[in-house]
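Peer 1: What follows is a structure written as C-alpha cells; I'll ask about it next.
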Amino acid sequence: MTRPSMLWTVIVGGFGFTVAASLCDGFPILTTPSAATSPATAPAKENLTAADYVASGIAKRSKGDLDGAITDYSKAIALKADLAEAYYDRGIAKYLKKDPDGAVAGFSKAIELKPKYEDAYCNRADVKSEQGDLDGAIADFNKAIELNADDASAYSNRGIARKAKGDLEGAIADYSKAIALKPTMVEVYHNRGIAKHMKGDLDGAIADYTKAIELQPNLADAYNNRSIAKTAKGDVAGAAADLKRADELKAK
C-alpha cells in the first residue's frame, strides 16, 4: 500500500537536508485501515456485530469523524475484546487525533493479540520514531522485517532511525536493501545520498541525488543537496545551476 511521507530534517555543514520517509507497506501514517472489513459505508442494520462497528469506524474516519470512529472501534472491542483489528484501527484514529501514546497502546494491544501483525509493528515503530524512541523503533522494524523480509519501506524507515542514531553504515545498508527490493523509491535514493554525503562520499551522494532527480524531476531538495555536494567538489558552475533549479522549483 502507498502512504504519504513524513519528514525528518538533519543539518550538515550548516545546510538543512530534508529526508522523506515512505512508511512500511501496509502502514498508514496513518490512513490505511485493517483488512478485516470494507470501509464503504457505515452499516445500517440493527444488532451490529464487532465487525460492523469496525466497518462503521473506518467509514467515519474516512470522512474525518475521528471521534465517531474511535467510539465505534471501542464498541467493537466491547463486543469482541480479542479483535486485534479493532485495536489497530483505533490506534490509527488516535494517532490522527494527535494522541501518540494512545496509538502506541492500540498497536501494542493488537500485537499482543496477534503476534505476527506486521502492520502493527510498522505503525508502532514509526510512532516511536516520532517520539524519539529510536531504539524501540528499530526493535519494531526488526520484527516487521523478520515477519516480511520483502517490505522495502521497513528497511527504508529503519535506515532513517539508524541514521538518526549516527549509524551511517547501517543506514546506507538499509537504504540499499530497500532500493534492491523497490528501485523506484525516490526518497530512498535521496536519503542514501544524504547518508553518503555525511560520510564524505561526495561522488556517491551526487549519484544518488541524480537518481532521485531522474525519478522525480521536481524534487527541489535533491537539487539543493546536489548543489552542496558539487560545491564541496569544486564544481562551482554545476552547483550554481542546481541551486538555481532548486530555487525555481521552490518558488512554484
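The values are calculated or read from the model by the stated rules, or taken from the named source; none is laboratory data. Being a predicted model, the structure only gives us computed values, none of them experimental. No Cβ is skipped: glycine too gets one built from the backbone with ideal geometry, and neighbour counts run over all protein chains shown.
Peer 1: Looking only at region 222-241, decide whether some residue is hydrophobic (A, V, I, L, M, F, W, C), outside the structural domain of PHE107 (by TED's automatic domain parsing) and either closer than 30 Å to ILE111 by Cα or under 23 Å from the mean Cα position of the chain (by Cα) (or both).
Peer 2: yes
Peer 1: To continue, here is another question. What are the residues in region 189-213 that are of a type in the set (A, V, I, L, M) and touching a residue at least 60 places away in the same chain (Cβ under 8 Å), if any?
Peer 2: ILE194, MET198, listed by residue number.
Peer 1: Going by the conditions given, is ASP140 assigned by TED's automatic domain parsing to the domain that holds TYR117, surrounded by 23 or more Cβ atoms within 10 Å (Cβ to Cβ) and touching a residue at least 12 places away in the same chain (Cβ under 8 Å)?
Peer 2: Taking the combined requirement at face value, the residue satisfies it.
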